[in-house]
1. If we scan the stretch 665-685, do we find a residue that is without any contact (Cβ under 8 Å) to a residue 40 or more places away in the chain and closer than 30 Å to residue 642 by Cα?
2. Does residue 692 satisfy the condition of being in the same structural domain as residue 317 (by TED's automatic domain parsing) and out of contact with any strand residue (DSSP E or B) (no Cβ under 8 Å at 6 or more places or on another chain)?
3. Looking at the structure I just gave you, is residue 219 crowded, with 21+ Cβ neighbours inside 10 Å and closer than 26 Å to residue 309 by Cα?
4. For the stretch 352-385, what are the residues that are in a strand (DSSP E or B) and more than 24 Å from the chain's Cα centre (by Cα)?
5. Filter the stretch 211-224 down to residues that are assigned to a loop (DSSP other than H, G, I, E, B) and at pLDDT below 95 and give me whichever is farthest from the chain's Cα centre (by Cα).
6. In the stretch 508-524, which residues are surrounded by 15 or more Cβ atoms within 10 Å (Cβ to Cβ) and within 30 Å of residue 446 (Cα to Cα)?
7. Scan 305, 246 and give me the residue that is closer than 30 Å to residue 599 by Cα, part of a strand (DSSP E or B) and in the same structural domain as residue 390 (by TED's automatic domain parsing).
């Protein structure tokens, strides 16, 4: 027997309208979205009952239910077709066909159309990641406006993109997953994600600890009712060998239980000599849907990364410009083979729960626990004592080396609980959100640093062993953050407003030091107007508050919280189905910014006031059924406004960036299974933080070709096609970072 479960069938249906009347508000249906989800149909085995309704009545009710489900499905398919996708309607956390997403939950924590969110958001879909063959999260952001994806080159230690001249916070499924510029953190694999969303600008009103850059929210692949399986192998540059598997579908025939399993196994060398880049990642998940209105997903993760020091911290001379000995090779390894090590092992479990009482009230509760163990052993050249001349010899070949070691054990717990209430007050309709979130971390660490004054030749190295530092225990650290937030999405005709406020309580407790208690209130106010031809201009004011979690971050000990504010004026334009054009100009003020310590590359200092102004433009469009385009441009002017460096440019911020990616299916040429793609990325010049050294601009080219036949897909990608030797960043403290050279990756995938 097939039964369609009514969406309002629950014991609270009669109570909520009564409560709403007592509160002088009227529950209303949600504002119509561009896509409507079909009714969920749960297949159940027919049961014998003591009393049964007449067969004719049961048949009539079943026919009515089927017709309702068919109408809902038809509406869903029509909406999907209008958006340029196919199949089922899009949700804020679900998969997207193609490059253009229309829904997101990152900007509001509710399932909201992107065109109704008054802040800059880019959604990088899984199809886009596949087409561009991105192998890390930072690589997925190369064609996103306002993002300097490879700011420090191919760093094996983590993803370190820059967004609007600042370091963004990285979240997973809506809660914080790692700490900014600390080491041995969880680095999710792009293959385990269904989408990557970049919310640009302060977002503390909903998330608490976010910088003025905003955040990168990674959305995990979740179980799907539609069965899908794929297994793939990769081989590429640096002897990359990878096996990956993704399987999802129903565990029970009625769809009440769903499963998914994602796995990655990689054996690879890095661009830097003697450095591995191995990974094993296992991500099983399970969804329980007892009714249309209830969903509970549990995700597990085990991941182990084994790598080393791919970042060499090389001097200006020999990288940015040649010295008397020429240029230092891009692949130069500065540490000690066999001793150098960077290993991170993660175990985590997440819970994502949602229950919809009726069209007026929905509750959500997400939480995650993770346990991380890390080992870090490295050596790097001492270019910091004298950045202008770090060499020990007159021939300018040899340097001394600094040794560093650290062992860490971290336990993290995050949770976010909220209630979404839809109601009306006169002509105004509201989507109100009330929530509380919590973040706690315990960290135990031992670290040590040493100095090796034996000359090390940068041009013809002889690895003569490491002088291992003695590790001593750091004070145990406990940090927590509790936030209370409220938000209201208001509509009056074509006017839309988003208002929010939040209060945070932060505790820093380092053994042997006084406990710190910090409180902060942040807010956001945005106003939009929907013009009849698809254009929606908006203006937003938002604040940020960022307590710095983790030890060994700031040279002075525990870092002071960062504060910021932004005004953004922008527009969202959807002239035709399948096309989105977004633009914004912004003005941001930031205080207590983290900057590189001129004496230690592994620690930070906090500068005073920084002002960042800029403009962005993004175009995503399906020009024809065969041609997709992604275009982006960003201008950023970032300067220090207080302290010794007042008036100087902020380090590692290209003034101009532009990119264009195109994908073309050769169907019209009689080759329906062949797709070609290509992209160009321009990164403008940036400064070192003291306006002394300027890193030159560069342009890189990427390419893709793919052949599909039935369940098989064969694809070859090349990034930095011309093998352009380039430096991504040089800092006043004395070091430079090489970008990655030409990389070729081939993949063979079987889907069943």
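1. Checked the stretch 665-685: at least one residue is without any contact (Cβ under 8 Å) to a residue 40 or more places away in the chain and closer than 30 Å to residue 642 by Cα.
2. It is true that residue 692 is in the same structural domain as residue 317 (by TED's automatic domain parsing) and out of contact with any strand residue (DSSP E or B) (no Cβ under 8 Å at 6 or more places or on another chain).
3. Values: crowded, with 21+ Cβ neighbours inside 10 Å: yes; closer than 26 Å to residue 309 by Cα: no.
Spelling it out, it is not the case that residue 219 is crowded, with 21+ Cβ neighbours inside 10 Å and closer than 26 Å to residue 309 by Cα.
4. 355, 356, 361, 362, 363, 375, 376, 377, 378, 379, 380, 381
5. For the stretch 211-224, the residue satisfying everything is 212.
6. Residues satisfying the conditions are 508, 509, 510, 516.
7. Just a single option satisfies the conditions, and that option is 305.
So that you can scan it fast, the table gives a plain yes or no per residue for (1) closer than 26 Å to residue 698 by Cβ; (2) under 13 Å from the mean Cα position of the chain (by Cα); (3) not assigned by TED's automatic domain parsing to the domain that holds residue 206:
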site: 94; (1), (2), (3): no, no, no
site: 97; (1), (2), (3): no, no, no
site: 141; (1), (2), (3): yes, yes, no
site: 146; (1), (2), (3): yes, no, no
site: 156; (1), (2), (3): yes, no, no
site: 160; (1), (2), (3): yes, yes, no
site: 165; (1), (2), (3): yes, no, no
site: 175; (1), (2), (3): no, yes, no
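The values are calculated or read from the model by the stated rules, or taken from the named source; none is laboratory data. All of these numbers come straight from a predicted model, not from anything done at the bench. Methodologically, a virtual Cβ is constructed for each residue, glycine included, from the backbone with ideal geometry; neighbour enumeration extends over all protein chains shown.
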